């Protein structure tokens, strides 16, 4: 995934979930933050950031905040990126789905199931019929001491998605939850039990019932991000 018209700046402050103040070449700009999560450990005063200049003159903000540097590493905080990264990774076979052959006949996004819309739906044609797979994608920007964690805030929506995935697995179809770590270098991934213990408990139950959790980190540059390597999940 590649961004266009990237410029470097310095993070000043975040007045609300949607906006940040970024200084570029001595001038402060109000920019759009493409992530409503807290990101407190990343968005610290003086941090080097990279913003994408908008080509739409009608927008209220001329830039979007995309990437943050922390301790010499780049973290992508675009919450719209993980679904695209995951889909590109599956199609390009950087992301391997256990139980699937990799020869996809149908690929859809935003597939309705129950009361939810799951991010990716895949069909494979086998000699014995059609194999169906449902995938929910979660972007991860929180890392503490080399361990990536999700969520960074309570997520009732995430609990609902896990419930749908458990029902899919029980029906005999394949169900995956894929955590896209929007950084490189994490040694492992864990559910963030301190922030939302119910999510961690639900994820463990789901894994025991046939839902397949996966975690992949990413190669991140100022103007790009792509899926890289599997990361161990520690329960």
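The table for this structure:
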read-out	value
Cβ pairs under 7 Å, 6+ apart, first in the stretch 83-98 and under 16 Å from residue 219 (Cβ atoms), second modelled with pLDDT of 95 or more and in a helix (DSSP H, G or I)	95/86; 95/89
Failed item in (1) farther than 16 Å from residue 8 by Cβ; (2) surrounded by 13 or more Cβ atoms within 10 Å (Cβ to Cβ); (3) in contact with a strand residue (DSSP E or B) (Cβ under 7 Å, 6 or more places away or on another chain); (4) at pLDDT 90 or above, with residue 84 passing the rest	(3)
Residue match in the stretch 226-233 (condition: surrounded by fewer than 18 Cβ atoms within 10 Å (Cβ to Cβ), touching a strand residue (DSSP E or B) at 6+ places or on another chain (Cβ under 6 Å) and in a loop (DSSP other than H, G, I, E, B))	yes
Test for residue 100: is it modelled with pLDDT of 95 or more and either in contact with a helix residue (DSSP H, G or I) (Cβ under 9 Å, 6 or more places away or on another chain) or surrounded by 14 or more Cβ atoms within 10 Å (Cβ to Cβ) (or both)	no
Meets criteria (surrounded by fewer than 22 Cβ atoms within 10 Å (Cβ to Cβ) and not assigned by TED's automatic domain parsing to the domain that holds residue 42) for residue 158	yes
Some residue of the stretch 66-78 being at pLDDT 95 or above, surrounded by 13 or more Cβ atoms within 10 Å (Cβ to Cβ) and not in a strand (DSSP E or B)	yes
Residue match in the stretch 133-152 (condition: in the same structural domain as residue 218 (by TED's automatic domain parsing), touching a residue at least 24 places away in the same chain (Cβ under 8 Å), more than 20 Å from the chain's Cα centre (by Cα) and not in a helix (DSSP H, G or I))	no
Conditions (1) in a helix (DSSP H, G or I); (2) within 29 Å of residue 125 (Cβ to Cβ); number of the one not met by residue 180	(1)
Residue check for residue 164: modelled with pLDDT of 95 or more, under 19 Å from residue 119 (Cβ atoms) and either more than 14 Å from the chain's Cα centre (by Cα) or not in a strand (DSSP E or B) (or both)	yes
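Here is a yes/no grid of residues against (1) within 28 Å of residue 108 (Cβ to Cβ); (2) touching a residue at least 12 places away in the same chain (Cβ under 8 Å):
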{"residue": "22", "(1), (2)": "no, yes"}
{"residue": "26", "(1), (2)": "no, no"}
{"residue": "34", "(1), (2)": "yes, yes"}
{"residue": "58", "(1), (2)": "no, no"}
{"residue": "64", "(1), (2)": "yes, yes"}
{"residue": "69", "(1), (2)": "no, yes"}
{"residue": "80", "(1), (2)": "yes, yes"}
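Here's the yes/no breakdown for (1) assigned by TED's automatic domain parsing to the domain that holds residue 85; (2) closer than 18 Å to residue 78 by Cβ; (3) part of a loop (DSSP other than H, G, I, E, B):
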| position | (1), (2), (3) |
| --- | --- |
| 11 | no, yes, no |
| 14 | no, yes, no |
| 43 | no, yes, yes |
| 52 | no, yes, no |
| 57 | no, no, yes |
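So that you can scan it fast, the table gives a plain yes or no per residue for (1) over 22 Å from residue 200 (Cβ atoms); (2) in contact with a helix residue (DSSP H, G or I) (Cβ under 7 Å, 6 or more places away or on another chain):
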position: 64; (1), (2): yes, no
position: 71; (1), (2): yes, no
position: 108; (1), (2): yes, no
position: 124; (1), (2): yes, no
position: 140; (1), (2): no, no
position: 155; (1), (2): no, yes
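The values are calculated or read from the model by the stated rules, or taken from the named source; none is laboratory data. A quick note: this is a predicted structure, and the numbers were derived from the prediction, not measured. Methodologically, a virtual Cβ is constructed for each residue, glycine included, from the backbone with ideal geometry; neighbour enumeration extends over all protein chains shown.
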